[in-house]
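Following: one structure in structure tokens, then a few remarks.
The values are calculated or read from the model by the stated rules, or taken from the named source; none is laboratory data. This is a predicted model, so every value here is computed, not measured. Cβ placement follows ideal geometry from the backbone for every residue including glycine, while neighbour counts extend to all protein chains displayed.
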Amino acid sequence: MTNMLQVEGLNVSFPSRDGPVRVVRDVTFTLGRERLGIVGESGSGKSQTGRAILGLTPASATVTADKLSFDGIDLRHASAKTWRSLRGPRMSMIMQDPKYSLNPVMTVGRQIVEAYRRRGDATRTDARNRAVAMLEAVQIRDPERVFEAYPHELSGGMGQRAMIAMMLIAEPDLLIADEVTSALDVTVQLDVLRILDGLVRDRGMGLIFISHDLRLVSSFCDRVLVMYAGRVVEEIAARDLHSAQHPYTQGLLNCLPQIDGDSGPLQTLTRDPAWLA
Amino acid sequence: MSVSPANTGGRWRALPTYGLKAGKLIATVAVTFLGLLVVTFLIGRVVPVDPVLAVVGDRASKSTYDAAYIALGLDKPLYHQFFIYLKQALSGDLGTSVLTKKPIIEDIARVFPATLELATAGIILGTLFGVPLGVWGAVRQGKLPDQVIRVVGLVGYSAPIFWLGLLGLLVFYAKLQWVAGPGRIDISYEYTVTQTTGLLLIDTAMQGQWDAFRNVLAHLALPAVLLGYFSMAYISRMTRSFMLAELGQEYIIAARVKGVPEWRIIWVHALRNAAVPLVTVIALSYAGLLEGSVLTETVFAWPGLGQYLTNSLQNADMNAVLGGTLVIGIIFVGLNLLSDLLYTVLDPRVRRRT
């Protein structure tokens, strides 16, 4: 498998009154045209890992890496121009909450068209048709109407799909999906996953699927990175997740209720400071 | 889920719903206006200025005084007096000025265009410079441009405007002779220009008197720049903080993810959102300028509303003061209304709630 993305020794730290806080520590992984899951609790550094790959870490933070390359391009010293040529057509990210990540004063259609026109000089009608087709592709029943709608006029599930359409219309090679299904109800979750799955398969896209939902990740992804306090504590094939070695992963798994399991109190996670060593 | 059926159109397709909204707005305005009239009426009754004496003079006989007392309706109960006041105010009769012996409404119509011209020039300059500077400051937050803009703004905001005015006259009029001195127009032109709108720039331009036009411009430049500087300080400050709030939003990151160029993120994505509260800031600054900046008008011998009101106040010309207060109140209500309407145009979320 060719490695599209190589991450070695990635560190992200934010300044604070008590010195820098390292939110991502020595993260190393590679990604080919596959589905890689990153799981962990809130604050474990999943999202910051994703944002660092796209060069979207807040200006106050410091990012260092031994290696951070996408398709042979060194991202550590990429110029603004390089980033602009990469983001959108080459790499993209679907963000958590459409309520905040869609511009409230622009119609959904304009925002999708804007993403499409980054690819080159498409005509207005051309871009419009593509956008509507894309909305249809993400299972929106009334694409024309959604095209004209403002974000606040859409439900959460519709907004999320519009977001997916917007981020996929430029047909990126690498897609980071950051908690895309967390805000959705279960039936919509499945729809969205089906859409993403189809894209990985049909377009040979590389997908980083960030989630805190262990079960979802294990059933959906090929490989899983388990993060704890900014570190990757375990990397494991998704189908082997049940036989995970690291006590944190085991602990997470034990916290999940089982339908056919005993009905005693669920276990809580006991943390070992040694995990951080 | 899905889309609300009523309002999926572009910005202007929501126009029909404006009908209902306009009705509500008119009702609000009517109530505000009534409240304003009550206040001005009551002030008129409370101040220790005898309205009868103001009419008949302090050497009038008792019978003349009593006749005027009755003619003014002062023997009637208060609510009746208010009713008369209301009727007169609604028909445009705000009484007669003791000073000029003319109807107040005529006086205000004469002085207001001077203030309007100055205030409009000021707010245009203030917005034209204030908004881009505020955006720039937000983008370069904490860097040199931001600091410079802040200091320049702070000076504009805290230096007394009359002092800046005098200094400006000394430097640019007396020494450098770049601009004309106090007043709106040179006396030599004063009687050649027919005042139709009262806005001298427009009047001279319409009559093709370009020499006079240039002269008016030379007179207007300094006070307008001063008022513009003053409002620029405030507008840039507010723009900066609105922009900072918007630039920290997730949709900005989403736009970066899409590969949208930075200039577009700043001037299209963020500014369009920041424009919504900014409209109110600009409208209220404008209202503040229209009130007639007494100090500026005094320094520049500008025959506007501020000077008229100060004059009337000093001479206890209560009708004029109350009439002027009413006009200022109407301006504030009107501009508030306008900014509310613009709000609806700029923010699709507000449109829906009506």
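Consider the stretch A:210-241 and keep the residues that are part of a helix (DSSP H, G or I) and without any contact (Cβ under 8 Å) to a residue 24 or more places away in the chain. The one that is nearest to A:Leu184 (Cα to Cα) is A:Ser219.
One line per residue, one yes/no per condition, for (1) surrounded by 15 or more Cβ atoms within 10 Å (Cβ to Cβ); (2) in a helix (DSSP H, G or I); (3) of a type in the set (S, T, N, Q):
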site: A:Ala122; (1), (2), (3): yes, no, no
site: A:Asp126; (1), (2), (3): no, yes, no
site: A:Glu136; (1), (2), (3): yes, yes, no
site: A:Arg141; (1), (2), (3): no, no, no
site: A:Arg145; (1), (2), (3): yes, yes, no
site: A:His152; (1), (2), (3): yes, yes, no
site: A:Met158; (1), (2), (3): yes, yes, no
site: A:Met163; (1), (2), (3): yes, yes, no
site: A:Leu175; (1), (2), (3): yes, no, no
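A:Lys99 fulfils the conditions (1) assigned to a helix (DSSP H, G or I); (2) out of contact with any helix residue (DSSP H, G or I) (no Cβ under 9 Å at 6 or more places or on another chain) except for a single criterion, (2). Of everything in the stretch B:231-290, what is more than 9 Å from every other protein chain (Cβ to nearest Cβ), without any contact (Cβ under 8 Å) to a residue 12 or more places away in the chain and in contact with a His (Cβ under 9 Å, 6 or more places away or on another chain)? Give them in sequence order. If the condition is that a residue be more than 9 Å from every other protein chain (Cβ to nearest Cβ), without any contact (Cβ under 8 Å) to a residue 12 or more places away in the chain and in contact with a His (Cβ under 9 Å, 6 or more places away or on another chain), then no residue fits.
Here's a check for you: in the stretch B:60-75, which residue that is of a type outside the set (Ser, Thr, Tyr) and either part of a helix (DSSP H, G or I) or at pLDDT 85 or above (or both) is surrounded by the most Cβ atoms within 10 Å (Cβ to Cβ)? Give the derivation first.
The initial filter retains those residues of the stretch B:60-75 that are of a type outside the set (Ser, Thr, Tyr), namely B:60, B:62, B:66-68, B:70-75.
Right, trim to either part of a helix (DSSP H, G or I) or at pLDDT 85 or above (or both) and you get B:62, B:66-68, B:70-71.
Working: B:Lys62: 7, B:Asp66: 14, B:Ala67: 14, B:Ala68: 18, B:Ile70: 12, B:Ala71: 12.
Filtering first and then ranking leaves B:Ala68.
Considering B:Gly306, B:Gly292, the condition of being crowded, with 23+ Cβ neighbours inside 10 Å, modelled with pLDDT under 85 and within 26 Å of B:Leu128 (Cα to Cα) is satisfied by B:Gly292 alone.
Of the residues making up the stretch A:40-55, those that are within 14 Å of another protein chain (Cβ to nearest Cβ) and under 20 Å from A:Ser218 (Cα atoms) are A:Ser47, A:Gly50.
Could you grab me the full set of residues in the stretch A:242-277 that are surrounded by fewer than 19 Cβ atoms within 10 Å (Cβ to Cβ) and part of a helix (DSSP H, G or I)? Quick ask: steps written out before the conclusion?
Step one: filter the stretch A:242-277 for residues surrounded by fewer than 19 Cβ atoms within 10 Å (Cβ to Cβ), giving A:242-243, A:245-247, A:250-251, A:253-277.
Of everything in the stretch A:242-277, those that are surrounded by fewer than 19 Cβ atoms within 10 Å (Cβ to Cβ) and part of a helix (DSSP H, G or I) turn out to be A:His242, A:Ser243, A:Pro247, A:Gln250, A:Gly251, A:Leu253, A:Asn254, A:Pro273, A:Ala274, A:Trp275, A:Leu276.
For (1) within 14 Å of chain B (Cβ to nearest Cβ); (2) without any contact (Cβ under 8 Å) to a residue 12 or more places away in the chain; (3) among the aromatic types (Phe, Trp, Tyr); (4) assigned to a strand (DSSP E or B), each residue gets a yes or a no:
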residue: A:Glu8; (1), (2), (3), (4): no, no, no, yes
residue: A:Asn11; (1), (2), (3), (4): no, no, no, yes
residue: A:Arg22; (1), (2), (3), (4): no, no, no, yes
residue: A:Ile38; (1), (2), (3), (4): no, no, no, yes
residue: A:Thr57; (1), (2), (3), (4): yes, no, no, no
residue: A:Leu68; (1), (2), (3), (4): no, no, no, yes
residue: A:His77; (1), (2), (3), (4): no, yes, no, no
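Can you find even one residue in the stretch A:171-185 that is more than 17 Å from the chain's Cα centre (by Cα) and either over 22 Å from B:Ile252 (Cβ atoms) or at the interface with another protein chain (Cβ under 8 Å from one of its Cβ atoms) (or both)? Walk me through it before giving the result.
Of the stretch A:171-185, the ones more than 17 Å from the chain's Cα centre (by Cα) are A:185.
Filter again for either over 22 Å from B:Ile252 (Cβ atoms) or at the interface with another protein chain (Cβ under 8 Å from one of its Cβ atoms) (or both), leaving A:185.
Checked the stretch A:171-185: at least one residue is more than 17 Å from the chain's Cα centre (by Cα) and either over 22 Å from B:Ile252 (Cβ atoms) or at the interface with another protein chain (Cβ under 8 Å from one of its Cβ atoms) (or both).
Any residue at all in the stretch A:65-84 that is among the basic types (Lys, Arg), surrounded by 14 or more Cβ atoms within 10 Å (Cβ to Cβ) and closer than 24 Å to A:Arg203 by Cα? Within the stretch A:65-84 (the criterion being among the basic types (Lys, Arg), surrounded by 14 or more Cβ atoms within 10 Å (Cβ to Cβ) and closer than 24 Å to A:Arg203 by Cα), the answer is yes, since at least one residue qualifies. Taken over the stretch B:309-353, the criterion of being of a type in the set (Gly, Ala, Ser) and at pLDDT below 85 is satisfied by B:Ala316 alone.
Screening the stretch A:220-243 for residues that are modelled with pLDDT of 85 or more and not hydrophobic (A, V, I, L, M, F, W, C) and picking the one that is nearest to A:Arg194 (Cα to Cα) gives A:Asp222. Checking the stated criteria, A:Met93 turns out to be part of a strand (DSSP E or B), surrounded by 18 or more Cβ atoms within 10 Å (Cβ to Cβ), within 13 Å of chain B (Cβ to nearest Cβ) and in contact (Cβ under 8 Å) with a residue 24 or more places away in the chain.
Does the stretch A:114-121 contain any residue that is away from chain B (no Cβ under 11 Å) and more than 21 Å from the chain's Cα centre (by Cα)? Within the stretch A:114-121, one or more residues are away from chain B (no Cβ under 11 Å) and more than 21 Å from the chain's Cα centre (by Cα). Please verify whether the stretch B:163-172 includes one or more residues that are within 20 Å of the chain's Cα centre (by Cα), assigned to a helix (DSSP H, G or I), surrounded by fewer than 21 Cβ atoms within 10 Å (Cβ to Cβ) and at pLDDT 90 or above. Looking for residues that are within 20 Å of the chain's Cα centre (by Cα), assigned to a helix (DSSP H, G or I), surrounded by fewer than 21 Cβ atoms within 10 Å (Cβ to Cβ) and at pLDDT 90 or above, one finds none in the stretch B:163-172, hence no. Residues in the stretch A:244-275 that are within 25 Å of the chain's Cα centre (by Cα) and of a type in the set (Gly, Ala, Ser) were compared, and the one that is nearest to A:Leu31 (Cα to Cα) is A:Ala244. Of all residues in the stretch B:36-56, none are closer than 30 Å to A:Val105 by Cβ, of a type in the set (A, V, I, L, M, F, W, C), exposed (fewer than 14 other Cβ atoms within 10 Å of the Cβ) and modelled with pLDDT under 80.
Every condition in (1) out of contact with any Lys or Arg (no Cβ under 6 Å at 6 or more places or on another chain); (2) of a type outside the set (Gly, Ala, Ser); (3) crowded, with 17+ Cβ neighbours inside 10 Å; (4) under 18 Å from A:Ala170 (Cα atoms) is met by A:Thr49 except one, and the failing one is (4).
Considering only the stretch A:139-150, I want to know if a residue exists there that is β-branched (Val, Ile, Thr), more than 8 Å from chain B (Cβ to nearest Cβ), in contact with a helix residue (DSSP H, G or I) (Cβ under 9 Å, 6 or more places away or on another chain) and under 22 Å from A:Ser182 (Cβ atoms). Give the derivation first.
As a first pass, look at the stretch A:139-150 and keep what is β-branched (Val, Ile, Thr): A:140, A:146.
Retained after the next criterion (residues that are more than 8 Å from chain B (Cβ to nearest Cβ)): A:140.
From what is left, the residues that are in contact with a helix residue (DSSP H, G or I) (Cβ under 9 Å, 6 or more places away or on another chain) are A:140.
Subset that is under 22 Å from A:Ser182 (Cβ atoms): A:140.
Yes, the stretch A:139-150 contains a residue that is β-branched (Val, Ile, Thr), more than 8 Å from chain B (Cβ to nearest Cβ), in contact with a helix residue (DSSP H, G or I) (Cβ under 9 Å, 6 or more places away or on another chain) and under 22 Å from A:Ser182 (Cβ atoms).
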